[in-house]
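Heads up, the thing below is written out as structure tokens.
The values are calculated or read from the model by the stated rules, or taken from the named source; none is laboratory data. These numbers come from a predicted model, not from an experiment. When the accessible area is computed, the model is the full protein with side chains, heavy atoms only, and any ligands, DNA or RNA have been set aside. Shrake-Rupley method; radii C 1.70, N 1.55, O 1.52, S 1.80 Å.
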Amino acid sequence: MGTVWRARDVVLHRLVAVKEVRPPDRDLAEYDPEGARMLRERVLREARALARIDHPNVVTIHHIVDGGEGTYPWLVMELVSGGSLADRLAKGPMPTDEAARTGRGVLAALTAAHDAGIQHRDVKPANVLLRPDGRPVLTDFGIAAIREATGLTATGSIIGTPDFMAPERISGHEGGAASDLWSLAMMLYTAVEGHHPLRRASTLATLAAVLHDDVPPPVRAGALGPVLMGVLVRDPAARPSTAVLDRQLAAIESAPPAQPTAERHQPTSYPLAPPSPASAPRTTAPVPPAHRRVPGLTALLGVSGTTLTAALLWWLLPFGGDSGDAASGAPTSTSSPGSSASQTIAAPDAEQSGGTESASLLTPDGVRTAIKALKEKSGRNRFGSFLAYPDSVTASMMVNGSDTKYDEYSYHPGEGVEKGTSAGTLSTSEQPVDLDIFNWDRLPVLLAEADKKLNVDDPEYRYLSLRLPDTSRDTPAEIAVYLSDEYGAGFLEADTQGRVTDVSPAKD
């Protein structure tokens, strides 16, 4: 929507930042006068919002140059010369203590804004500037909601950046200050993990993921992981207060950095469906992060519910065929006509797969042993989620006679099955399954395909997760195999018979 210029104030002899607002089309006022009016008003709103907040972690506004109706104002602001957080993350992920310190600075800025009656509504790495000493400064309040102001969003539109927008805002609810906390937590998750967990290949797909997919537990975040997952819950009322979140981040900032461990992973992700007052957080298997791109362009989407639903259903239809290239859609199977993938891909031995499968649960016998133990201990046959690491399995096991209620269980070889303390309900569109419908004999082939195609040369973590059938998206049950290292992650998906349906490699 414009350009930020580095400029010199010739009166005060100081460097400043000058925001020049320009619509994508200079003739906007002629064919869409209401759009031009809204754009102008947003610039004025940003200036008013900044003028109401006096805080070292919020960019300072010095002056506004306004030519009146029919023009777009220019904002004169302090120059923050250390680049943006997006620039910093382009160089690599943050250690947890640095992320916690940055998060506290942005949280202090948000607290000051909220105390002034202002929601930022677009917290993301590109909108956090860094001073030369690394202190964060929150900027770009152009779509902020001021408590007593009238709305500036056109009916049926969503304004914001899909990657970092809270699910309640996508579903049409403001959510209040808690929505900014979601965005902050998602930004910190991206900072420490090096990728965004719900970013997909298109805006509509990303919106669908934020609404419906689970946030996978971070693998690099150490003690910061549970803090982030405590904020990334679908019910805004269940998120911690700013004071509680600040204390949690302060403890992590001052503690020595901890190395993540693969032992006893206890996923604490939650489904991101539109919030329901009666809904409770749900612990399920993670959905691996898919296609990654440069932090997103702010999207202004005006679509009817029917159009959006139809578009999402079209995108979410399963891929056809045994295997395909995620980017081009071209088949990648090397089998001859009439042969199956299992006839053309050899199962890995211990040396090929890094030596982890031979003594792990990620084998046909290992998975079947865990499933049998879970069924015997719980007395239940159907599952709402299933997450298997080399040394542990966690599962949501359905209450007998119910298609929605579940309890949590975990399995560790040599220790048996333990019932967890959490319980919950599936969404009405998710269908529980019996894991015996999956062809577990194909698991070695899927792991070999993952090792070969996911561009993760030396995985720190590997696991598989179950995708439930979902009637709202017309998607079947699937297996996802997930590999990650300190630089990123990749995953592949397969149907119940082990035929690969999608491959999303880690970024080169």
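The share of alpha-carbon pairs in the range 374-508 lying farther apart than 25 Å comes to 31%. Beyond 31 Å in Cα-Cα separation lie the following of the pairs K375/K452; K19/K507; K91/K452: K375/K452; K19/K507.
Every pair of different Cα atoms in the range 431-484 enters the Kirkwood calculation, which places the hydrodynamic radius at 12.5 Å. Per the Kirkwood treatment, what hydrodynamic radius in Å, one decimal, follows for the range 33-83 from the mean inverse distance over all distinct Cα pairs? This gives a value of 12.0 Å. Evaluated at q = 0.19 Å⁻¹, the base-10 log of the normalised Debye intensity for the range 56-107, with identical point scatterers placed on the Cα atoms, takes the values -0.79.
The share of Cα pairs per 10 Å bin across the range 356-419, counted from zero up to the longest distance, runs 23, 55, 19, 2 percent. Rolling a 1.4 angstrom probe over the protein heavy atoms with all chains in place gives the range 429-508 an accessible area of 36 Å² per residue.
Close amide H pairs (under 5 Å, H built 1.01 Å from N) link H62 with V76, M77, E78, residues at least 5 positions away or on another chain. If you wrap the tightest convex hull around every Cα atom of the range 192-256 and split its volume per residue, you get 94 Å³. Taking all C-alpha pairs of the range 1-138, those more than 24 Å from each other amount to 37 percent.
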